[in-house]
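Data first, discussion second: the structure below is written as structure tokens.
Bear in mind these aren't lab numbers, they're just calculated from the coordinates by the rules spelled out. Computed from a predicted model, the values in this text were never measured in an experiment. When we count neighbours, we look across all protein chains shown, and the Cβ atoms used for this are built from the backbone with ideal geometry, even at glycine.
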Amino acid sequence: MDLLPVSFLILIITPLLLLFFLYIYTQQKKNKYHPIGGTVLNMLINFKMLHHYMADLAAKYKTFRMLNPFQGEIYTTDPAIVEYILKTNFENYGKGTFTHTLLEDFLGDGIFTVDGHQWREQRKLASHEFSTKVLRDFSGLTFRKNAVKVGNIFLEAANCNQTVDINDIFMKATADSIFKVAFGVELDNLSGSNKEGVNFSRAFDDSNELTYRRLVDLFWKIKKYLNIGAEAELRKNIKVVDAFVYKVIKTKTKQMQKPQDDFLPKKEDILSRFMQITDRDPKYFRDIILNFVLAGKDPIATTLTWFLYILCKHPEIQDKIDQDIKEAMNMTEDITTVTDFEALLSEDMLEKMHYLHAALAEIIRLYPALPLDPKICFSDDVLPDGCIVKKGDMIAYLPYAMGRMKFIWGEDALDYKPERWLDNNGCFRSESPFKFTAFQAGPRTCLGREFAYRQMKIFSAILLGCFTFKLSNENKVPRYRTTINIQHDGPLDIYVFPRSGLHHNP
Ligand code: HEM
């Protein structure tokens, strides 16, 4: 298809576009529609800074359309509309066949791709698992172990006066954590010792990126059929992913068949626990587990990277967080190793760190891991502002833009201010999920929210309690990559300085 002469395409597309704009114009006259912010071409031109572009449009229109000849597209930052599509009329908005077809090869029928009874069943199973003490304890231990590993890497860099690339380190650390928690497998990306795991990890990330590319490639289905280009690459990567996951599932199945005593200590990971409570084919477990890896890896790494970046810009907030941590830990004396620090940190203490919690919520407001979240409308509808949405239209809420709207957060919306999340007693105060949409809202609200905060608090408490941070280049303007998550683009190098009398003790 890449070889089709451009002039031929222009000849076909131009009259179609004219007809399309005429149709839009007559529709606009008849019914109440949202204002037009631009076209998909504008989005493509502004792709590298897409979220800035959409936030600028949102500041002007709150809710707007972007013209696309193939599909109606509505984007909103209006909390009333968000509440309507995510909760009030939840049944009418979902993934639809469009999203399912796009994601199916990679994520199968996992929780991120399905609606209706398939979603309800997985949601029920997963909600139950996420509330168990076994998973809580097991994941807590895993997060602590990996936070200490990162701490020791930081210490080594500090001793040699070298910078560390926190984007890379957090990506590896969160991959290690979710692998252990999801599969019970020691990936050890941080040291690179498990070759098979590292290969899987790379193939998983590539599959993720290649799948996302389908959104802007109108010819992906033809490429898939012919097995060429990005689609051939995607197929190759999914093969690596599948080989790894099915091997783990086979091993687990064998373990399940062993006598109870033998098996008891091994059923802490999510995969084993799912296998225990439901009897399904390996493909079902493959899909469930890959969706959890996707959910649990990049959002945390992304958030922690932006967190340390913003704290480098606000050294006074680094100190305030350190004070909050030490007060919650009742710590009066200096500690000498990262391991000793971790040993003193209890779950109760984490609960008492209100300022740290507020500082994390504030970074998620400004850099929500999922900056744009689309839904498909299943039947014609009228939104709370009286505007029309048609069956098959895509309507997306914009967590990134919403976090920056003055009409939602006030004049200081763009400032990083943890205090906005605290009440008069210094206790964390949550916000309406239809205003703070980073974790979605309604029946499909993020299942891993508490899990995510706990991991981020453990990492932050250990790292900010032991170190201070400074950007290696204060003048470099950070950029994000326009992918599913708002990942920092490229390395983010920082200098690390140990607090008090810290020294290395692996
Ligand atoms: C800062 C971290 C995180 C953020 C900002 C976040 C945000 C979100 C968002 C926006 C959605 C809705 C996605 C959609 O429309 O399909 C979602 C769904 C979900 N999240 Fe998270 N997430 C985070 C971490 C996690 C973690 C660590 C896990 C678990 C390992 C997790 C598990 C899930 C699951 C299972 C769903 C699907 C819920 C459903 O469809 O019923 N998330 N998350």
#### Entry: Contour minus Cα-Cα distance for residue 233 and residue 281 (0.36 nm per residue)
14.6 nm
### Query
Based on the alpha carbon coordinates of region 106-185, what radius of gyration and maximum Cα-Cα distance (Dmax) apply, in Å?
17.3, 56
### Fewest-first ranking of 387, 160, using other Cβ atoms within 10 Å as the exposure measure
160, 387
#### Entry: Above-threshold pairs, the threshold being 24 Å between Cα atoms, out of 145/283; 62/457; 352/417; 297/320
145/283; 62/457; 297/320
### Message
Once you place label points 7 Å from the Cα toward the Cβ at residue 36 and residue 476, how far apart are they in nm?
### Response
4.2 nm
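Counting only C-alpha contacts under 8 Å and six or more residues apart, can you give the relative contact order of region 71-226 as a whole percent?
Working: 81 pairs, mean separation 23.6, N = 156.
Reported as a whole number, the value is 15 percent.
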### Whole-Å distance, taken between Cα centres, linking region 335-379 and region 451-499
13 Å
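Report the full-extension gain for the segment residue 162 to residue 251: residue separation times 0.36 nm, less the Cα-Cα distance, to one decimal in nm.
Numbers: separation 89, 0.36 × 89 = 32.04 nm, distance 4.16 nm.
Contour length minus the Cα-Cα distance gives 27.9 nm.
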### Query
aspartates and glutamates near residue 60 by alpha-carbon distance under 18 Å, same-chain residues fewer than 8 away left out - which ones?
73, 78, 385, 411, 412
### Task
List every residue whose amide H lies under 5 Å from the amide H of residue 39, counting only residues 5 or more places away in sequence or on a different chain, with H placed 1.01 Å from N in the peptide plane.
67
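Over all distinct alpha-carbon pairs, what is the Kirkwood Rh of region 86-233 in angstrom? All intermediate terms of the calculation are to be shown ahead of the outcome.
Details: mean 1/r = 0.0542 Å⁻¹.
Radius from the Kirkwood sum: 18.5 Å.
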### Summary
Of the DSSP H helices in the chain, the ones reaching 24 Å or more along their long axis in Cα terms and averaging at least 0.0 in Kyte-Doolittle hydropathy are 6-30, 133-159, 166-183, 449-466
### Message
Roughly how far apart, in whole Å, are the Cα centres of region 188-213 and region 274-314?
### Response
13 Å
### Task
With a point put 7 Å past each Cα toward its Cβ, work out how far residue 343 is from residue 380 in nm, to one decimal.
7.0 nm
### Query
If we sort 359-368, 122-131, 492-501 on the protection proxy, mean other Cβ atoms within 10 Å, highest first, what's the order?
359-368, 492-501, 122-131
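For residue 128 and residue 20, FRET efficiency with R0 = 30 Å and r from the beta-carbon atoms, rounded to 0.05?
Details: r = 48 Å, r/R0 = 1.59.
Efficiency at R0 = 30 Å is approximately 0.05.
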### the chain - convex hull of alpha carbons, volume per residue in Å³
164 Å³
#### Entry: Separation of the residue 411 and residue 105 label points, Cα + 7 Å toward Cβ, nm
5.3 nm
### Query
Fully extended, how many nm does the chain gain between residue 44 and residue 196 (0.36 nm per residue separation, minus their Cα-Cα distance)?
51.0 nm
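What number do you get for region 435-499 when its Cα radius of gyration is normalised by 2.2 N^0.38 Å, N = residues?
Values: Rg = 15.7 Å, N = 65, 2.2 N^0.38 = 10.7 Å.
That ratio works out to 1.47.
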### Query
Using modelled amide H (1.01 Å from N, peptide plane; none on Pro or chain starts), what sits under 5 Å from the amide H of residue 467, excluding residues fewer than 5 places away?
499
### Message
In the chain, if the dipole is taken from +1 on Lys/Arg beta carbons and -1 on Asp/Glu beta carbons about the Cα centre, which of 374, 312, 232 is farthest to the positive end?
### Response
232
## Note on the structure
Low-density loop GluC sites (Glu not before Pro), region 424-497, at most 11 other Cβ within 10 Å, DSSP non-H/G/I/E/B, are 474
### Message
Please list, in order, the residues from region 282-306 whose amide nitrogen is less than 14 Å from a point placed 7 Å along the Cα→Cβ vector of residue 117.
### Response
none
